1. Would you mind calculating the gained length between Gln134 and Gln200 on full extension (0.36 nm times residue separation, minus the Cα-Cα distance), in nm to one decimal?
2. Using a simple spin-label model with points 7 Å from Cα along the Cα→Cβ vector, what separation in nm is obtained for Asp171 and Leu60?
3. How far apart, in nm, are the 7 Å Cα→Cβ label points at Ser157 and Ala118?
4. Contact order normalised by length for the stretch 39-202, with contacts defined as Cα pairs under 8 Å and 6 or more residues apart; what percent is it?
Amino acid sequence: MKKFNLMFILAVTMFAAVSCKDDDDDNDSVTDQLTDSDRTFVLNAADGGMFEVMAGQLALKMDSMMVDSMGTDSMAMDSMGMGTGTTSGLDSAGIRSFASMMVTDHTKANNELKTLAAKKSVTLPTTLTTAKQQKLDSLNAMSGSAFNRAYIKMMVSSHQETVDMFQKESDSGSDTDVKSFSSTWLPTFKTHLQHAQMLQDSL
């Protein structure tokens, strides 16, 4: 009888331990669930970050093509004793530097956001929204100074939107991890906006 009672007590103890673990898992699951507002922020931040990287990569590609073209024209004219007299390459230096910064910074932010999204069970988009894809397509149809002006104009507008979005999440977001992410990157994106505005004024 004593042996039976001991086995019964052990069984009850094991059941209680398993139940507590299940409750803890459920609590963790609830903790990691995002409000609609926080989830929307994560999705929009992913879309915006992806656009910044892709637009920056396009800007670097266009700059490289322009430099190659200038080099070919310059060699041809130099062989005839002429100079191109163009400063397009110099004018694009600021764009090149800015685009490189966009690719580097936003790739890092995007990777951090992917980790955060996975923790919160949020599936991030792998393609741009229609609106942002149309902007990228319009840039792709341009070249030279027209591309530079359009690119920087988009960067000013995009970063104004990004700063407002990250500021709102930083101020009033519900999830501490998401708020921390937005607060950490907000100063960087404010700096991006300032650089873009300065470039826009110089073009």
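1. Stretched fully, the Gln134-Gln200 segment lengthens by 21.6 nm.
2. 3.5
3. With each label point 7 Å from Cα toward Cβ, the separation is 3.5 nm.
4. That works out to 31 percent.
Read the figures in this text as sums done on the coordinates, not as results from a lab. Just so it is clear, the model here is predicted, and its values are computed rather than measured. Glycine also receives a Cβ, built like all others from the backbone with ideal geometry; neighbour counts cover every protein chain displayed.
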